[in-house]
Every structure is written in C-alpha cells, then in structure tokens.
Amino acid sequence: MNTTAKKIGYWTTTGLLVFSIASGGLAELAHRPETIEGMKLLGYPVYFVVIIGFWKLLASVALVAPGFPGVKEWAYAGIFFNMTGAAVSHIVSSSAPWHVAVMLGLTGLTVASWALRPPSRTLVGHAASYELKRDERAGAAPSAFVEDHSAPE
C-alpha cells in the first residue's frame with residue numbers, strides 16, 4: 001500500500017473511530033436516557049456509564065493528539081476491550097443482532113486504525129525517530145547506518 005493511500009486510510013478510520021467513541025462518551029457523561037436504559041438492559045449499574053464515558057473521551061483525545069505513542073497503545077487497547085466486551089454483553093443479553101454488528105464494526109475500525117498508524121504514532125517508530133534525532137544532534141552517523149562489528153554472542 002502506498003504512503004498516500006495508507007495515510008488517507010489511517011485518518012479516515014481514525015476520524016470515524018474518534019467520532020463514534022467521543023460521541024458515545026459524551027452521551028454517557030450526559031446521562032442520555034437511551035444510554036442509561038441500554039446499560040440497564042445489559043445489566044450494568046448506572047455509575048458504570050460515567051466511568052466508561054470518561055475513558056472514552058480520554059481515549060478519543062489520545063488518538064488524535066500528536067505524540068504520546070504509549071498512551072495511544074493504551075487507548076486502542078481500551079477501545080478494543082470495550083467494544084468486544086459490549087458485543088459479548090449484547091449477545092448474552094439477547095439484544096437485537098444489529099447491536100452486536102455495530103460493536104464488532106467498531107472493533108474492526110479500531111484494528112484498522114491501529115494497523116494503519118504512521119510510524120510516528122507507534123512505539124517502535126517513535127523510538128527510532130527519537131534515536132535518529134539524538135544521533136543527528138550529537139553529530140554522529142544515524143545509528144541505523146552504523147555497522148555493528150562487535151563479536152557475536
């Protein structure tokens with residue numbers, strides 16, 4: 001996949017994901033009646049809505065904010081666990097099949113956004129970028145281009 005297509009794919013999936021997760025988090029924090037009723041039907045206490053809503057908003061901010069690749073990893077993991085857990089909750093509660101489909105669709109969107117991330121938004125890519133900048137500031141050849149002549153272990 002070429003860089004431009006990957007970038008468009010990343011921002012499209014991430015934009016849709018962030019919009020969905022943030023709007024859900026806001027609805028939960030606002031205690032929208034349909035949100036509260038839905039959580040009760042799934043068997044969750046009302047206070048759980050506030051906890052989930054708060055973390056959804058933080059995850060949404062983390063995904064669009066520059067930097068903080070470790071926080072982004074946690075955000076992706078949290079959204080993945082939330083959506084798969086919600087899908088299972090809907091299955092066990094005999095919810096309409098479209099509820100399960102929406103949760104699994106959001107899970108797929110989460111995985112797609114995670115997989116399409118540019119290197120600057122990953123832990124490995126961020127660390128490599130940091131090392132390259134550090135080497136350049138020190139006037140040394142970038143570590144990626146230095147041969148290792150040490151004895152094998």
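Of the listed peptides 12-21, 41-50, what is their order by residue-averaged count of other C-beta atoms within 10 Å, with the highest listed first? Could the numbers behind the result be given before it?
On the way: 12-21: 18.4, 41-50: 13.0.
My ranking of the peptides, most packed first, is 12-21, 41-50.
Counting Lys +1, Arg +1, Asp -1, Glu -1, what net charge surrounds Gly70 among other residues with beta carbon under 14 Å of its beta carbon? Show your work: numbers first, answer last.
Numbers: positive: Lys72, Arg117, Arg121; negative: Glu73.
Here the charged neighbours net out to +2.
For Lys6, what charge total do you get from the other residues with a beta carbon under 15 Å from its beta carbon, if Lys and Arg give +1 and Asp and Glu give -1?
+3
Taking R0 as 41 Å, what FRET efficiency do you get between Val124 and Val100 from their Cβ-Cβ distance, rounded to the nearest 0.05? Working shown, then result.
Values: r = 34 Å, r/R0 = 0.82.
Result of the calculation: an efficiency of 0.75.
Taking θ = phi - 60°, what integer Hz values does the Karplus form 6.51 cos²θ - 1.76 cosθ + 1.60 yield along segment 42-56, in sequence order, with x for Gly and Pro?
Calculated HN-Hα couplings, in order: 7, x, 9, x, 4, 5, 5, 4, 5, 4, 5, x, 4, 5, 5 Hz.
Grab the beta carbon distance between Thr3 and Val71, set R0 = 22 Å, and tell me the FRET efficiency rounded to 0.05.
Approximately 0.35, to the nearest 0.05.
If r is the Cβ-Cβ distance from Leu58 to Val92 and R0 is 35 Å, what FRET efficiency results, to the nearest 0.05?
0.80
Compute the distance in nm between two label points, each set 7 Å from the Cα along the Cα-to-Cβ direction, one at Thr84 and one at Tyr47.
2.8
Since every read-out is calculated from the coordinates, none of them should be taken as a lab result. Bear in mind that the values here come from a model prediction, so they are computed numbers and not experimental data. Every residue, glycine among them, receives a Cβ derived from its backbone with ideal geometry; neighbour counts consider all protein chains shown.
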